[in-house]
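The values are calculated or read from the model by the stated rules, or taken from the named source; none is laboratory data. All values derive from a computational prediction rather than experimental measurement. So basically every Cβ, Gly included, is an ideal-geometry build from the backbone, and we count neighbours across all protein chains shown.
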Amino acid sequence: MVPSRPSSKLYQIKSKKYDEYGARVTSSFDKSVSHVLIDPEWDGSRTLKYLHISAGDIRPEIDKGTIHFVRDSWPSACIENKQLIPESPDYTVQLYSPAPSPETTPEPEVSQKLVQTVISPEKPPKLKKRDISTSSNTSLSPEPDTPKQTAIDDLNPVEASGANTSIENKAEKKAQDGSGNDELDSVIQEAELQEHAARFLSDDEIEHALQTQRKKYSAPYSRPKRTSDGRVLKGNWDTFLCMKAGEDNIAKPDGPNALVINILSLMLHHYEAEGDQWRTLAYRKAIATLKKQTVPVRTAAQAVKLPGIGSRLADKIEEINKTGDLKRLKYTQGEGKFEVLELLKRIYGVGNKTANKWYSEGIRTLDDVRERKDLTANQQTSLDHYEDFAERIPRDNVTKHFERVRDAVHEIDPEIEATAMGSYRRLQPDCGDIDIILTKRNASRHDLTVTLAKLLDVLFEQGFAKYTFGGIEANSMRWLGASAHPDDGNKWRRMDILLVPWEERGAAFIYYTGNDIFNRSMRLLAQKKGYRLNEKGLFLAPHDRKSAGAVGPLVCGEDEEKIFETLGVPNRPPHKRIIG
DNA sequence: GGGCGGTACTG
DNA sequence: CAGTAC
DNA sequence: GCCC
């Protein structure tokens, strides 16, 4: 393959597939090579240069038809069409400028190595495969997968729906004798899949989280389909540890559906980079499902039965299984784009839209960004202190920042209660930013905003507060800014100060303690129980779904404990609210 | 065909 | 209003 | 993208 990048995920995936069809991929260019698969971006001369060959060296071999220079889409096209596609402008790469070709060079009928491969079980094997390299030991004939294919239905792949439907009463029963965390944990697992930040975890880490959740608890509130496993996940987590210890390996899970999972992960990657929130979610769920299968999911018909996999993904799965490739992927690949977007989005005020726009305009580095004239004030400031903001804040330093704020606000009003939230309250050893809630019994919103304004005057006066990203407007209930503390090396840190009415502090504490995944879980659980939860309180869900207020009467807002209780789950100390 | 969280701030 | 952050 |  040219260029040859054996370390790349795609390379590994493809070689594996080609191998299944009896070919052998080699990284050396020698006489054993029959086909050179060339990246679409590359032309003939670049390829020659890359292979360190001058035209004359190889010309005879080409003319003899023993070496073919083709696009790397050629193998999958052949597999798809169930025949060797003869040389054509579509797939053949011209090495020399004016093609002197003695026209149609038909595929030599050297057809050795007839590896039997069954594409569709009904039809007799039609595609005769010959290997791509001429090396002789490739006669491994993969066993026809027909038997497996029929077997899969009997085996009842995990979560295939059909079988177990009427479980409602079972679920009810479980809910009743429901011990402890069942419900919350079951929604946690669901929420994890939606968590955007989860992309920072390896697939294996996500999977591991799911496994431990599932092993420990049943899921009375999840859809019936989802309840019957138990045998599925097991043992994988050893490999997880190994994978994790390894150095530069992109998680490359083995398993019956590794190929499909890997390719779909690339699609996921792509949509994530594009900011397509909902497709991303769908791919995440589908991949999670596939990872739980203990048998290969080969056909679209099998795939659609699984939860989270609809007709479109099912077709893609079948295509991947047949061709080892996904046409769609070719259009979606951008080398390194994802990493650049991640870099850009760490600038405050740069989200998916802006990052993609900039990327399309050629921005690749922070220095590129610095040359732009159209940065907003927030973007500019965030960029100026990019390194500081990117750095994690040691817990003790968070304490310093917090105490400074607490002390200052107590100078103004000793009755204000100040609490550090976020990862600090979850007892993490370091934090991404500093979140502080200010609240006070019997204080109106206005009282609080007045206090905040005074507080900020003081903090800016001290030189502790450095910049306001937002929220200082008239009577805003929050301040989003930056602070710097001498005991923290005067590094600029992101700090949020939230004003919370006394009656809402319970809900606010839950919300601002997080983590994000935990919050999603809580919201989901609330919904399933007929409530709505936000940072202001726990409300009854409105009967008419889409009314303006969107929420019913307040059930509880001021007591964290009571909100948990109402939802029927035991309160968890903040440090147990770290999910994922 | 709508929901997938809901709200507040910036430009 | 779109985009972004929380 | 999927589910309802």
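Scan segment A:429-447 for residues that are under 21 Å from A:Ala507 (Cα atoms) and in contact (Cβ under 8 Å) with a residue 60 or more places away in the chain and the total you get is 10. Here is a check on your reading of the model: is A:Tyr331 surrounded by 18 or more Cβ atoms within 10 Å (Cβ to Cβ) and within 14 Å of DNA strand D (Cβ to nearest atom)? Here the answer is no, as A:Tyr331 does not meet what is asked.
Can you list the helices (runs of 4 or more DSSP H) found entirely within segment A:329-424 that contain at least 2 residues being touching a Ser or Thr at 6+ places or on another chain (Cβ under 7 Å) and within 16 Å of DNA strand C (Cβ to nearest atom)?
Working: elements: A:337-345, A:352-360, A:366-370, A:377-384, A:386-390, A:395-412.
In segment A:329-424, there are no helices (runs of 4 or more DSSP H) which contain 2 or more residues that are touching a Ser or Thr at 6+ places or on another chain (Cβ under 7 Å) and within 16 Å of DNA strand C (Cβ to nearest atom).
Among the candidates A:Leu306, A:Leu343, A:Leu383, the residue that is buried (at least 18 other Cβ atoms within 10 Å of the Cβ), touching a residue at least 12 places away in the same chain (Cβ under 8 Å) and within 16 Å of DNA strand D (Cβ to nearest atom) is uniquely A:Leu306.
Being among the aliphatic types (A, V, I, L, M) and within 16 Å of DNA strand C (Cβ to nearest atom) is the filter; apply it to segment A:443-472 and report the residue that is modelled with the highest pLDDT.
A:Ala465
What about A:Asn442, is it assigned to a loop (DSSP other than H, G, I, E, B), within 15 Å of DNA strand B (Cβ to nearest atom) and more than 28 Å from A:Phe518 (Cα to Cα)? Steps first, answer last, please.
Numbers: assigned to a loop (DSSP other than H, G, I, E, B): yes; within 15 Å of DNA strand B (Cβ to nearest atom): no; more than 28 Å from A:Phe518 (Cα to Cα): yes.
In short, no.
Taken together, A:Lys440, A:Lys466, A:Lys454, A:Lys400 contain a single residue that is in the same structural domain as A:Asp487 (by TED's automatic domain parsing) and either in contact with a Leu (Cβ under 6 Å, 6 or more places away or on another chain) or closer than 21 Å to A:Tyr348 by Cα (or both), which is A:Lys466. Scanning segment A:285-310 for residues that are in a helix (DSSP H, G or I) and either more than 16 Å from DNA strand B (Cβ to nearest atom) or farther than 29 Å from A:Ile188 by Cβ (or both) yields A:Leu290, A:Lys291, A:Lys292, A:Ala300, A:Ala301, A:Gln302, A:Ala303. The residue of segment A:320-340 that is nearest to the chain's Cα centre (by Cα), among those that are closer than 30 Å to A:Leu383 by Cβ and touching a residue at least 40 places away in the same chain (Cβ under 8 Å), is A:Phe338. The set of residues in segment A:344-384 that are of a type in the set (Phe, Trp, Tyr) and closer than 16 Å to A:Ala273 by Cα comprises A:Trp358, A:Tyr359.
A:Arg346 passes all but one of (1) more than 23 Å from A:Asn490 (Cα to Cα); (2) modelled with pLDDT of 95 or more; which number fails? Evaluating A:Arg346 over (1) more than 23 Å from A:Asn490 (Cα to Cα); (2) modelled with pLDDT of 95 or more leaves (1) as the failure.
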